[in-house]
1. So which chymotrypsin sites (Phe, Trp or Tyr not before Pro) in the stretch 514-601 are both in a DSSP loop and have at most 14 other Cβ atoms within 10 Å of their Cβ?
2. Within 10 Å of each candidate Cβ there may be at most 14 other Cβ atoms; applying that plus a DSSP loop requirement, which trypsin sites (Lys or Arg not before Pro) in the stretch 153-243 survive?
3. In straight Cα distance, which lysines are under 22 Å from Lys585, not counting same-chain residues fewer than 8 positions off?
4. Might you tell me the accessible area per residue for the stretch 360-460, computed with a 1.4 Å probe and given in Å²?
5. Using the structure shown, select from Lys196/Lys578; Lys84/Lys105; Lys105/Lys357; Lys163/Lys361; Lys161/Lys357 the pairs with a Cα to Cα distance greater than 28 angstrom.
6. Counting pairs of alpha carbon atoms under 8 Å apart in space and at least six apart in sequence, what relative contact order in percent does the stretch 99-245 give?
7. Starting from 0.36 nm per residue, how many nanometres of slack lie between Lys196 and Asn518 once their C-alpha separation is accounted for?
8. Would you work out the relative contact order for the stretch 372-455, in percent, from Cα pairs under 8 angstrom that are 6 or more residues apart?
Amino acid sequence: MMTRSPQARTNRLTRPSIAVAAAVAVTAGVVAAAPDAKTAEPTPKLSLIAATTSVTLDSWKEDPGVYLDLGTYLTSENGAFELKVTRKSYKDPVVATQVLRNGKKTTTKALPAGLVKDFSGLPDFAQISVTDAAGKTVLKQTEAFCPNNASGRIRPDAPAKSKYPQSCPVNPFTLGSVWGVENGWASNTYAGYYAKPVQLAAGTYTAKISVTKKYRDLFGIANKPRSVKVTVRERSWEEEESQGADASARSAAPQSSKSAKSAAGHQGHDGHGQGADAPAASAHAAHGAPARPEAPAARTAGATPTFNVGHGPYPPAPPALPWALKKESLQRQAFSAATVGDRPGQTDGSRQAPAAKPNAKRPTGKATVPDVPKPDLRSLPAYGITVSDGYENVPGKDYLAFSANVWNAGPAKLVVDGFRSPGKELMDAYQYFYDAKGKQVGYTPTGTMEWDPRPGHEHWHFTDFASYRLLKADKKESVRSGKEAFCLANTDAVDYTVKNANWHPDNTDLSTACGQENSISVREVLDVGSGDTYTQDLPGQSFDITGLPNGTYYIQVLANPENRLKETNYKNNSALRKVVLGGKKGARTVKVPAHHLVNAN
């Protein structure tokens, strides 16, 4: 979605794969021509294909484990494969419905109750078994499948772009999602960041991949397993760094400046941020050493010293995704640059979207709030809740850290422009309003924007967007977070089933959303269906609970606390999450009861 973002990995779909897909298309055409098919509703024809017959996977001595990206894809012909996944509230289970489109006619088919339990994909979709050179089975497991995974066209007449979102949301408080494989496209069955590494010694293996029976029966997928030869090779970061250092003494690496920039994580702030086609980089790569290929990492809970779920003091995770990369130690940040795009070890289809451009000039004329659709800001309950020392090793101090999200339920996006008068530190902020055709029809002043110079921020914050408070058991305020200014970015897909939800929002990450120090103006947008997660894990942002008595409290996430922003509904701006504090000073504990059916701390 940014100007330099790579195309999906169509090069991985080899000629044999395309031939398989073409055969599927021909078969579908024959079926459609049959006399008894004229009255039947067309359904997508799904097939499992292998893009290659062999893959080489790396296991690193310092961090052993192999990620089973085997190059298998699910193709969809005779129409798009589309699922709508929702829950009415946190008291209700997640339900999934298949959407079937025939021209202007749309029908739906409910999937079995309990089949889908969250929003990360279809559980136990792919069956994988691995045998060694002697024919002994050394691994057998199932993996979930996100239809929004990295995908590409399998025939030239397929739509040039997929209309479906990129990646499946894993925020525990997601309310609705849309999954799909575009007609004439194929989506990688590899679970990517949701997968765990497996232990395989160096050597050769044969992997057999198939769709499990319940999904074959449900979607009419043929029982045609795919076999892939797997070569596992063992590598060492230290050995390759050493070899690379020797090589750099003989010749300079032509890509060193680009690699170094990529390793910087949150860098540049030039409206593009980190290039989606940038290689995985390290400080050593800048001197000629081979960069360590990035492997997918487990998503994090939120409030930990990580590449944050949304905003925080560390380099951002791949954009538009509510999880983050977590490594063994912050000292390895040089190896952990969160490059994005489809590549080995990352098949989520993520893209970095460009920033929205502000108006050329600040608004003039009389400020008006017309009777047109407006945003509806809502708060999600806090999550990723933990007790820490603030990561500054303050003796005897206890902080309650958490992640918070404010999202826009629409039906209109929130658009705020900041304009700077020469020499002034603050920008004047204005909210804009649009009619049904997208024409700007009004504006109103709405506070200010301020520059945050702290490392890991270095962008413009819109003031008074949200407030975080720790309430006592009687719901009266006990502690307030010092965090009240925010750089708005569409970090999480909270509910893409609401009216006017944008499945491909702009400004999806920090490096593209909120300008740079010398900006004269900036536009911050919270699009319909998306939310902005902030991780409160530092002193001043998290709650200082050192002197609080043990007992029951509530974390309150409050959107638009001063009602400066104009929205359709001000009654749903607050969300509470119950916590129980225990332990002793310097070693406090927190218990987080389930929030109705959501049992995630």
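1. Sparse-neighbourhood loop chymotrypsin sites (Phe, Trp or Tyr not before Pro): Tyr570.
2. Lys161, Lys163
3. Correct list for Lys585: Lys397, Lys472.
4. With the other protein chains kept in place, the stretch 360-460 gives 44 Å² per residue.
5. Lys196/Lys578; Lys105/Lys357; Lys163/Lys361
6. Result for the stretch 99-245 is 22 percent.
7. Stretched fully, the Lys196-Asn518 segment lengthens by 111.6 nm.
8. It rounds to 26 percent for the stretch 372-455.
The values are calculated or read from the model by the stated rules, or taken from the named source; none is laboratory data. What you see is a predicted model, and the numbers here were worked out from it, not measured in a lab. Using ideal geometry, Cβ is built from the backbone for each residue, glycine included, and neighbour counts are taken over all protein chains shown. Each accessible area value is taken on the protein alone, full model and side chains, heavy atoms only, with ligands, DNA and RNA left out. Shrake-Rupley method; radii C 1.70, N 1.55, O 1.52, S 1.80 Å.
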